[in-house]
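Engineer: Sharing a structure, written as structure tokens. Questions coming.
The values are calculated or read from the model by the stated rules, or taken from the named source; none is laboratory data. Just so you know, these numbers come straight off a predicted model, no measurement behind them. Neighbour counts are summed over all protein chains in view; Cβ atoms, including those assigned to glycine, are modelled from backbone coordinates with ideal geometry. Accessible surface is based on the protein model in full, side chains and every heavy atom, while ligands, DNA and RNA are left aside. Shrake-Rupley method; radii C 1.70, N 1.55, O 1.52, S 1.80 Å.
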Amino acid sequence: MSTPQNAHVLLVEDDAAIRETTAMLLTQFGFSVRTAADGQAGLDAFRSDPPDVALLDVMLPRIDGISLTRAIRDAGTTPIVLVSARDHPLDVVAGLEAGADDYVTKPFDGPVLAARLRAVLRRAGRIHDDSDGRGRLAFGELVVDPAGMTATVGGESVRLTATEAKLLSELARNAGIVLSRDQLLESVWGYEWGGDTRLVDVHVQRLRAKIGAQRIETVRGAGYKLVR
Amino acid sequence: MPTLRRLDPRRSLRVRVALSVAALSIVLTAGIGLTVYTVTRHSVTESARHTAADSVVVAAYVYNHTGQIVTGAARDAPSAPAPLRGAVLEGLLGTYVTGSQIWAGTPLPGGAGIYVETANPNTHTLATLRATILLVGVVAVFLATGLGVLLANGLSKELRAAATVADRVAGGELEARIAAHGADEVARLGRAIDEMAVALSERIERERRFSADVAHELRTPLTALVSAGALLGQDRAAQIVRERVGALRALVEDLLEIARIEQGGEPLRLEPVDLPALVRITLEARGARDSVTLEQTDGEPVLTDPRRLERIVANLLDNASRHGGTPITVRVADHTITVQDSGPGFPAELLHDGPVPFRTGAAERGNGTGLGLTIAAAQATVLGARLQLENPASGGAQASLVLPGG
């Protein structure tokens with residue numbers, strides 16, 4: 001398994017017992033963990049030393065998790081995983097729309113949490129890989145480089161998060177073919193079964209906002225496809 | 001389910017009011033008609049008698065002074081009615097009515113009498129009066145009955161609508177309202193029922209919210225417990241802590257799932273689902289692929305919500321393996337998924353009442369959350385499916401999920 005050795009996790013969680021036990025668990029799984037107890041401390045810690053991945057509780061004092069997600073997303077493409085005790089549809093969607101890559105609900109299992117973190121780190125890691133020479137895919141103004149995980153629209157580079165880049169690459173490699181939400185959950189997020197299809201829906205929306213809404217078509221009851 | 005109570009037509013307010021109004025109007029019209037007729041007949045006959053008496057007095061005067069008998073009069077008419085002749089012979093002026101004729105007679109000097117016979121002019125008038133009273137009476141009865149039916153219909157309709165809404169509320173449709181207009185007693189009853197429904201649903205909502213909040217609040221301490229448990233060693237006490245924390249977690253998740261279903265906030269995500277494939281994946285995910293016999297016939301994909309369906313199938317499998325025992329058979333045919341075990345069958349009260357939270361019927365507590373079948377039944381309702389529980393003749397307990405469209 002490609003565990004990013006000593007990947008830096010910034011854990012922002014106000015409940016001391018959860019903060020402590022989660023940090024201990026993640027350390028066991030080979031992560032290096034820094035913690036913060038509220039949103040402001042989390043933002044300060046992020047600015048002073050950007051982590052490889054941010055793990056944020058949704059309900060935080062001073063700056064809530066959704067606002068913190070937005071602040072981190074505005075600053076760059078650092079992967080963000082939300083932790084929520086409330087799986088109310090609106091909470092999850094608000095977090096994803098603010099820029100989170102994935103979420104886990106409390107209570108979580110150590111291995112599951114570690115797997116979610118590794119999945120977002122793998123996606124982020126690929127961005128820095130060199131292009132392996134495979135061809136870029138052009139769709140009119142839109143040019144996607146699946147290997148380099150980048151895209152340009154009309155020659156201008158589009159800033160994508162790792163998850164968005166991976167999602168766009170999957171759609172581009174299969175341009176004109178409908179990919180189901182479950183297929184995308186597996187190929188992009190690494191869920192083999194039981195992922196939340198809203199992850200796909202919200203990320204497609206975000207991608208549409210960046211490359212043009214008409215490029216990704218919703219096929220009712222089936223999934224999404226990139227228009228050739 | 002709300003049961004619509006059928007009314008015995010004879011006991012219906014509508015029919016009773018209509019019949020009462022009809023009967024009352026018949027009695028009233030007949031009474032008034034009869035009185036008017038009797039009084040009128042009496043008065044017109046009296047006036048005819050007076051006219052006849054005047055005529056015979058005139059005839060007697062003429063005869064006494066001229067010896068002439070005026071036209072229409074007769075001296076000692078033998079055809080005059082006997083009682084009149086008797087009275088005249090006794091020296092009296094009299095009139096006598098025989099059906100269509102009016103006789104008048106008066107004595108003449110010398111013992112004889114003079115008589116006048118005229119056609120009773122009132123026969124025709126009274127016949128017209130009878131016909132008019134009858135016609136007006138019939139029209140009045142019909143009008144009154146019709147008005148009564150309309151009134152009773154309106155009243156009965158409002159009452160029946162109120163009863164239907166009350167039945168719907170009793171059946172669990174807590175947002176059903178009568179929304180009565182007006183200020184009469186029926187409207188007041190309707191508003192009282194509406195207020196009762198509001199109070200009832202607020203109370204249910206408070207209790208539902210409370211159990212959902214409790215389950216939510218339990219998640220935070222559980223999170224640290226789950227993680228801390230995972231960090232413990234391998235001794236027996238640590239194993240028990242982990243196992244019991246797991247049970248607590250399953251209970252909290254099940255409570256939250258019930259709260260979510262009751263809240264109804266999450267939309268159905270319908271997609272074409274290959275039922276045999278979904279059952280296979282569910283079995284594999286539970287490591288039960290080898291211990292369960294799967295019988296399947298290929299069919300068209302079914303449009304349903306795969307996550308909810310997977311939950312139902314998983315809960316039915318859990319229930320079968322926990323209370324029933326092997327061999328377990330799962331049959332997939334068209335729109336139906338059947339899970340049959342080889343245990344003692346469902347308890348009689350489960351078959352009778354349907355799933356009730358925490359009523360497991362198991363001698364030993366602590367294996368399951370006691371909510372599995374409740375969740376399965378609730379999710380089935382959300383999918384528009386039927387969950388049938390039975391103890392077939394072939395033995396064991398059998399749960400059949402029939403998806404809509406089959």
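Engineer: Tell me the mean residue ellipticity at 222 nm calculated for chain B from its helices only (DSSP H runs of n ≥ 4, each -39500 (n - 2.57), averaged over every residue, nearest 500).
Structural biologist: My calculation for chain B gives -20000 deg cm²/dmol from helical runs alone.
Engineer: Here's something else I'd like to know. To the nearest whole number, what is the average tally of beta carbon atoms from other chains within 10 Å of the beta carbons of peptide A:191-199?
Structural biologist: Mean number of neighbouring Cβ atoms from other chains: 2.
Engineer: Continuing with this model, one more query. Evaluate the relative contact order of chain B (contact order divided by residue number), counting alpha-carbon pairs under 8 angstrom at least 6 apart; express in whole percent.
Structural biologist: Worked out over chain B, it gives 11 percent.
Engineer: So if I place +1 on the C-beta of Lys and Arg and -1 on the C-beta of Asp and Glu, and nothing else carries charge, what would the dipole magnitude of the protein assembly as shown be about its Cα centre? I want it in debye, nearest 20.
Structural biologist: My answer is approximately 1440 debye.
Engineer: What is the sum of charges around B:Val382, taking Lys and Arg as +1, Asp and Glu as -1, for the other residues whose C-beta is under 14 Å from the C-beta of B:Val382?
Structural biologist: Residues near B:Val382 contribute +1 overall.
Engineer: Per-residue accessible area for B:Val141 at 1.4 Å probe radius, Å² rounded to 10?
Structural biologist: 30
Engineer: Over all residues in A:17-27, what is the mean tally of Cβ atoms on other chains that come within 10 Å of each residue's Cβ?
Structural biologist: For peptide A:17-27, the averaged partner shielding equals 4.
Engineer: Comparing A:Gly154, A:Gly42, A:Gly110, which has the greatest mean-square fluctuation in the GNM of chain A with Cα pairs linked when under 10 Å apart?
Structural biologist: Of the options given, A:Gly154 has the highest mean-square fluctuation.
Engineer: Using a 1.4 angstrom probe and counting only protein chains, how large is the accessible area of A:Asp102 in Å², to 10?
Structural biologist: Surface accessible to solvent at A:Asp102 totals approximately 0 Å².
Engineer: What's the angle, to the nearest 10 degrees (0 to 90), between helix B:372-382's Cα axis and the longest principal axis of chain B?
Structural biologist: 50
Engineer: Grab the other residues whose beta carbon is less than 15 angstrom from that of B:His352, score K and R as +1, D and E as -1, and report the net.
Structural biologist: Around B:His352, the charge tally is -2.
Engineer: Another question, if that's okay. Would you mind working out the magnitude of the charge dipole of chain B relative to its Cα centre, with +1 at each Lys and Arg C-beta and -1 at each Asp and Glu C-beta, to the nearest 20 Debye?
Structural biologist: Numbers: 39 positive and 42 negative charges, 200 e Å.
Around 960 debye, computed over chain B.
Engineer: Roughly how big is the stretch B:252-372's charge dipole about its Cα centre, with Cβ charges of +1 (Lys, Arg) and -1 (Asp, Glu), in debye to the nearest 20?
Structural biologist: The calculated dipole for the stretch B:252-372 is roughly 260 debye.
Engineer: Turning to a different aspect of this structure: Quick one: helix A:110-127 against the long Cα principal axis of chain A, what's the angle to the nearest 10°, folded into 0 to 90?
Structural biologist: The angle comes out at about 50 degrees.
Engineer: Tell me the accessible surface of B:Leu189 in square angstrom (1.4 angstrom probe, heavy atoms of protein chains only), to the nearest ten.
Structural biologist: 80
Engineer: Could you report the buried accessible area between A and B, both sides summed, computed with a 1.4 Å probe and given in Å² to the nearest 100? Walk me through the numbers on the way to the answer.
Structural biologist: Values: alone 10780 and 24540 Å², together 33210 Å².
For chain A against chain B, roughly 2100 Å² becomes buried.
Engineer: Can you give me the distance in nm between label points at B:Ala285 and B:Ala348, each placed 7 Å from the Cα along the Cα-to-Cβ direction?
Structural biologist: 3.8
Engineer: Another question, if that's okay. Helix B:275-285 sits at what angle to the longest principal axis of chain B, using alpha carbons and giving 0 to 90 degrees rounded to 10?
Structural biologist: With both axes taken from Cα atoms, the answer is about 40 degrees.
Engineer: List, largest first, the extents of the alpha carbons of the stretch B:185-263 along their principal axes, each in whole Å.
Structural biologist: 73, 17, 16
Engineer: Could you tell me how far the Cα centroid of the stretch B:189-213 sits from the Cα centroid of the stretch A:65-79, in Å?
Structural biologist: If you average the Cα positions of each part, the centres end up 42 Å apart.
Engineer: Using only the heavy atoms of the protein chains and a 1.4 Å probe, how would A:His8, B:His42 rank by accessible area, largest first?
Structural biologist: If we order A:His8, B:His42 from most to least accessible, we get B:His42, A:His8.
Engineer: While we're looking at this one, here's another question. Go through the stretch B:223-241 and flag every residue whose accessible area shrinks by 40 Å² or more with all protein chains in place compared to the isolated chain (probe 1.4 Å).
Structural biologist: B:Thr223, B:Ala224, B:Ser227, B:Leu231
Engineer: Please enumerate, by chain and number, the lysines with C-alpha under 20 Å from the C-alpha of A:Lys210, excluding those fewer than 8 residues away in the same chain.
Structural biologist: Within the straight-line limit of under 20 Å, A:Lys210 reaches these lysines: A:Lys166, A:Lys225.
Engineer: Something else: Protein chains only, probe 1.4 Å: how do A:Lys106, B:Lys157, A:Lys225 rank by accessible area, largest first?
Structural biologist: I get B:Lys157, A:Lys225, A:Lys106, largest accessible area first.
Engineer: Toward the positive end of the charge dipole of the protein assembly as shown, about the Cα centre and with charges on Cβ (Lys, Arg +1; Asp, Glu -1), which of A:Thr218, B:Thr128, B:Ala228 goes farthest?
Structural biologist: B:Thr128
Engineer: A further question on this structure: Can you list residues whose amide H is under 5 Å from B:Glu173's amide H, if they're 5+ apart or on another chain and H is modeled 1.01 Å from N?
Structural biologist: Answer set, sorted by chain and number: none.
Engineer: Could you go through the stretch A:181-186 in sequence order and give the Karplus-derived ³J(HN,Hα) for each residue, using 6.51 cos²θ - 1.76 cosθ + 1.60 with θ = phi - 60°, rounded to whole Hz, and x for Gly and Pro?
Structural biologist: Karplus-based 3J(HN,Hα) across the stretch A:181-186 equals 4, 5, 4, 5, 4, 6 Hz.
Engineer: Can you sort A:Asp101, B:Asp235 by solvent-accessible area, 1.4 Å probe, largest first?
Structural biologist: Details: A:Asp101 5, B:Asp235 90 Å².
The ranking, largest first, comes out as B:Asp235, A:Asp101.
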